[in-house]
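The values are calculated or read from the model by the stated rules, or taken from the named source; none is laboratory data. Predicted model, so just to flag it, every value in this text is computed and none were measured. Every residue, glycine as well, gets a Cβ built from its backbone with ideal geometry; the counts of neighbours run over all protein chains shown. All accessible areas refer to the heavy atoms of the entire protein, side chains included, with ligands and DNA or RNA removed. Shrake-Rupley method; radii C 1.70, N 1.55, O 1.52, S 1.80 Å.
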Amino acid sequence: MKPRSGRLQAFRFYCLHLTIYLRSAIQTKAGTWVMPSSLSTQNITKAKLRQISATVFLFSLYTMEACGSLSPTLREFGCEQNLLSRPDGSSSFVQGDTSVLAGVYGPAEVKVSKEIYDRATLEVVMQPKVGLPSVRERAREQCVRETCEAALLSTLHPRSSLTLILQVVHDDGSLLSCFLNSACMALMDAGLPMSCLFAGVTCAIDTDGQVITDPNSAQEKESRALMTFAIDSTERRVMMSSTRGSFTVHELQQCIAVSQNASDKIFQFYRDSVRRRYSKTL
């Protein structure tokens, strides 16, 4: 493990120097790279500065992905769709020992006070395992609702109501990401039009600065930072983020890169789950 760690540090050192060079170099009209001290301010345009900033940002993303974990470890997944008879779509999603049950109702008639003339009204309700919903559940409801609204083509069902109910069966860490994955499978089961799918990935940073993907409850308690991201299936963009604790910008970028890599496994699980389901019915 020590030689690999040394090579990784050397690679990061090389990437840091190359990033500094890209930040300090500006391309002239002739196509040569020069330093800002040897270039007059008249030849620098805003478009060129934006181009250089975009190049440096993209290079930083590539460096972040190379330095991050290329094969993040996730707990075992399990999913079952259409297990409830009354909802229009339902799913049960399991991540390790964390289990969530989701049900989707609609499109249905909406109350006049909640009616939106150009799109459907989405309501998300979370029920804890015991007791009544608290402020934490309300915050998670908002995260799930904003993610679903970004993925759903709600303009196809104006003046209607969509209700998503999420029930916690067991919580052993990464609960918000399990909520997101269960909601996505339930929306697919309901047959609602969506512009893309989404996957929830939770990352924890321990006291040593190591990134842990899909942590359990014990790892979450020992971590100094916890982040949950919703990644779309088309361009692997971040649709939603929920963070807690203290972390640096580099650690945030590293967790985003790890979440994007981990989302590929979740989307492949979506495909395999739906394929197995419909292969039995055909």
Item to check | Counted residues, segment 98-112 - those being modelled with pLDDT under 90 and in contact with a Phe, Trp or Tyr (Cβ under 8 Å, 6 or more places away or on another chain) | outcome: 0
Checklist entry - Give me the pairs: first residue in segment 207-228 and farther than 21 Å from residue 261 by Cβ, second residue surrounded by 13 or more Cβ atoms within 10 Å (Cβ to Cβ) and among the β-branched types (Val, Ile, Thr), beta-carbon distance under 8 Å, and six or more apart or on different chains, which are they? => result 224/205
Checklist outcome for this item: The number of residues in segment 79-108 that are open to solvent by less than 60 Å² (accessible area, probe 1.4 Å), touching a Gly at 6+ places or on another chain (Cβ under 9 Å) and within 15 Å of residue 274 (Cα to Cα) is 6
Checklist entry - Do the conditions hold for residue 125, that is, is it closer than 18 Å to residue 98 by Cβ and outside any loop (DSSP other than H, G, I, E, B)? => result no
Checklist entry - Are there any pairs, at least 6 apart or on different chains, whose C-beta atoms fall under 8 Å, with the first in segment 157-183 and in contact (Cβ under 8 Å) with a residue 40 or more places away in the chain and within 16 Å of residue 138 (Cα to Cα) and the second assigned to a loop (DSSP other than H, G, I, E, B) and not hydroxyl-bearing (Ser, Thr, Tyr), and if so, which? => result 165/87; 168/128; 168/129; 177/214
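Which of the residues belonging to segment 234-272 are of a type in the set (Asp, Glu) and either within 21 Å of residue 93 (Cβ to Cβ) or surrounded by fewer than 17 Cβ atoms within 10 Å (Cβ to Cβ) (or both)? Before you say what the answer is, go through the steps one by one.
If we filter segment 234-272 for residues that are of a type in the set (Asp, Glu), which is where we start, we get 235, 251, 264, 272.
Within segment 234-272, 235, 264, 272 meet the criteria.
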Checklist outcome for this item: For segment 239-257, pairs from a residue that is over 21 Å from residue 139 (Cβ atoms) and of a type outside the set (D, E, K, R) to a residue that is assigned to a loop (DSSP other than H, G, I, E, B) and open to solvent by less than 60 Å² (accessible area, probe 1.4 Å), with Cβ under 6 Å and 6 or more apart or across chains, are 254/68; 257/68
